[in-house]
Every structure is written in C-alpha cells, then in structure tokens.
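Below: one structure, written as structure tokens.
Bear in mind that the values in this text are calculations on the coordinates, not laboratory data. As the structure is a prediction and not an experimental result, all values here were calculated from the model. All Cβ positions, even for glycine, are placed from backbone atoms using ideal geometry, and neighbour counts span all protein chains on display.
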Amino acid sequence: MRIGILGGGQLAMMMIEMSSNKHNIDFLVVDPSKNPPASKYTKCIKSEYDDIKSLDLLIKECDVVTIDFENVPSDALRYLEKHIPVYPNSKSVEICQDRLKEKNLFVQNNILTTNFKSIESEKGLRDAVKEFGSNSILKSRRLGYDGKNQIIIGNQDVKDIWIKTEGVKSIIENKVNFITEVSLIGVRNIIGETFFYPLVENFHKHGILNTSIAPFEDHNLQKEAEIIHKKITSAMNYVGVLVIEFFVDKNNKLIVNEMAPRVHNSGHWTISGANISQFESHILAVSNLPLKKIKVMEYSGMINILSKMPDINKIKKVGVSDIFDYNKSERTNRKIGHITITCPTKKLLLEKIDTINKILY
Ligand code: AMP
C-alpha cells in the first residue's frame, strides 16, 4: 500500500511516523516547500499542488491520496479523483475551505452555529454592521486559520474595515460569549463506521491554539457532539479524521465554530494518551484497514511551542510524554513544535501545564 499526501507539514510527518512501519505502508508527499517536516521520513516531491506532472505521478505510484492541510486546490483533488480514491473527497475539502459553505452545511443539517451573513461589498458590510453591531467579527471565507484574516468590528469605521479586507469575500458573525471551547475528533471509514475520541478542551491565545486538555468529561455534550459529527460526515460521505470545533455557551449548549478535514492540532495528545493516535486512525480509514475502538485511560495535555524552541532539558525535568520539534525555522507565532503530557490525575496535569507555560512564555 502506498499513500500519497498533499502537504508535507507536521501533520503529514506524524501520520507517516505513526503508521509507516506498523502497517507496512509507503508514502509519497507533494509539497511546494524545500525541506518540509515530512521529508524526515519519506520522499517529498517539491512541487505546487496543481502541477499535473506531480498529480500524474501520485496516480501512477499510489493507491489512495489524502491531505495534511485543507487549502489544496480542489481542482487538483477532482483531477486525482477521476483516477484514484481521494479521502477525504474533494467535495468535503471544498466545503471546509470556505467558511460560508461550511456554515450553510451546518444550517442545512439543523446544527447550531454562530449567526452569520455573507459579505461581498462595502454596502453589504455597512448593512451587516448595523444588523450585527460592534460585538461581531469579520472572517475571510477562505485561508483563515489561527485567527488569521479576522477583524473584530468594534467601533471601527466601515470604510477602514473594508479597505483592510482588500475586498475579499467574507462572513460576519456574532462574537460568542463562550464558557470554553472544545473539539471532537472522529474517524469514519469507507463503510461509514465511526469512532470518536473524547472531547478535548482547547485554550487559545491571540486566536492560536495554546493548550488542549482531554478528556473533557461531559457525557451529554459528548453525545451531542457525536450526533453532530455523524450528521456532517454522512452528509459529505466523508472518509478519514474530521475535527469539529465548538464553543460551549453559558447554557452548556454546543455552537459549532468550524471544522477541519484532517488530523488536528487539538489531537496531538492522542499519540501518548490513547490506545491509537488520530494519525494512525486516519491512515487506517483511508487505507480501508479495520479501525480500532478508541480507549483513553488517563488525562492528557498538549502545549504548542510557538515562535522559538525552548530549553528542552528544562521541559524534560517537568516529566512529559513527548517533545516534538518540527524542524521549522523560528518565526513569531509560528507553530514549530509541541509537548504532550499524560497524568493519572487532572490536578497533576494542570500543575505540569502551568509549569511548562511558565518556561515557554
Ligand atoms: P477560528 O479561526 O474561527 O477558529 O478562530 C480562532 C479563535 O478565535 C477561536 O478558537 C476563538 O477563540 C476565537 N473566535 C473565533 N470566532 C469567534 C466568535 N464568533 N466568538 C468568539 N470567539 C471567536
């Protein structure tokens, strides 16, 4: 079995590391950058994602293609799909690339999401700001992640906001006064069997994920989130890991924020904290191998390393499960590694996270 991956970032790197030897799977990665993290474990073709020669090579050499990030051109996925299976399919990826399409899917499936409106002109923005008020956010429909391409409306002049957007299509949505944020990682195979990890609680700084803690022990929310996940994956005929991010409001209701058609930063803890990692689960699903029922025994945490690698010895002394270095160049707020911790009690886990955050930031 050989799997092609579009994107050779840290997610591809961990998918390969966690499954290659264990399941005797080869990989072939396409990535436009010079030495992407996945090149540590496999051959990476340096090319744009829509380069026909590279796509033809994937068709010739691979049994199936998957992705490590959602912004691959959907035309490239559609081209591949004519010849070999692509999981998740182009339709799912196309929906997840565009906040408006994503929101429309939630609404069509009676899934609670933030109030929103599509914005395509300065006049549209002006009318929407009147309707939504200052406590709202403008988000570009595409290429928005880690809080990028988002503008808090506040008391800014509409003309200034419109200039900042450079006229790109956006959505406006109400700011949610949430109690916390959680995500659900689920994996679905070709015949529609789905397995779930427990909900993860996520803490962001400046719109970027800082810490994840699992399990978030709320039986009712877990059930509710799984129902939502199943509705979405069956609507899209989805195969692989899909992650849904939610706000939990003051009435303990789940409000969907967005979703990712891939393994996710909030699931890195599964490498040491679960019987099977999200990376291996995804690879089993896209290879049409039997999925494993997911078991989690202890409490796990994940802390992102942003901007600069810390003194590893200081981190090791705290007693951690793993420290991942993506071998990426240091840049302000860039995710360049992460730390995972697994503990028998939540109290001990929170203490360790606190100590590590003090070393890092
Ligand atoms: P996103 O890129 O949409 O996931 O946004 C990144 C983070 O910004 C979220 O995880 C929240 O912490 C915050 N955020 C985004 N949208 C909203 C919203 N409508 N209300 C409150 N906080 C938000």
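Computed quantities for the displayed model
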quantity: Shape parameters for segment 170-234, alpha-carbon atoms, Rg then Dmax in Å; calculated: 13.9, 40
quantity: For segment 276-331, alpha-carbon Rg and Dmax in angstrom; calculated: 15.6, 42
quantity: Separation of the Arg334 and Ser272 label points, Cα + 7 Å toward Cβ, nm; calculated: 2.5
quantity: For the chain, diffusion coefficient by Stokes-Einstein and Kirkwood Rh (Cα), 4 °C, 1.567 mPa s, µm²/s; calculated: 61
quantity: Entries in Lys103/Lys175; Lys317/Lys347; Lys91/Lys231; Lys53/Lys139; Lys46/Lys91; Lys148/Lys308 that, when Cα-Cα distance is taken, lie over 23 Å; calculated: Lys53/Lys139; Lys46/Lys91
quantity: Over segment 12-63, equivalent-ellipsoid semi-axes from the Cα gyration tensor in Å; calculated: 20, 14, 6
quantity: Viscosity 1.306 mPa s, 10 °C: Kirkwood-radius Stokes-Einstein D of segment 1-137 over Cα pairs, µm²/s; calculated: 94
quantity: Peptide ranges 84-91, 104-111 listed from the most packed, as the mean C-beta count within 10 angstrom indicates; calculated: 84-91, 104-111
quantity: Cα gyration tensor of segment 163-293 - equivalent ellipsoid semi-axes, whole Å, descending; calculated: 26, 18, 15
quantity: Using θ = phi - 60° and Karplus 6.51 cos²θ - 1.76 cosθ + 1.60, couplings along segment 150-160 (whole Hz; Gly, Pro as x); calculated: 10, 10, 6, 5, x, 9, 5, 6, 4, 4, 5
quantity: Burial order of peptide ranges 290-302, 7-19 (average beta-carbon count within 10 Å, highest first); calculated: 7-19, 290-302
quantity: Size of charge dipole - segment 69-136 - debye, nearest 20, with Cβ of Lys, Arg +1 and Asp, Glu -1, no other charges; calculated: 120
quantity: Rounded if a/c under 1.5, otherwise prolate or oblate - segment 122-182, Cα gyration tensor axes; calculated: oblate
quantity: Computed E for Asn220/Leu348 - FRET, C-beta separation, R0 30 angstrom, nearest 0.05; calculated: 0.70
quantity: Over 25 Å [Cα-Cα, segment 52-200], rounded percent; calculated: 43
quantity: Share of alpha-carbon pairs per 5 Å distance bin for segment 220-361, given as whole %; calculated: 2, 9, 15, 17, 19, 17, 12, 7, 2, 0
quantity: Extension reserve of the Leu289-Lys82 stretch, reckoned as 0.36 nm per residue once the Cα distance is removed; calculated: 72.3 nm
quantity: Potential lengthening between Val107 and Ile312 on full extension [0.36 nm per residue; Cα-Cα distance subtracted]; calculated: 69.2 nm
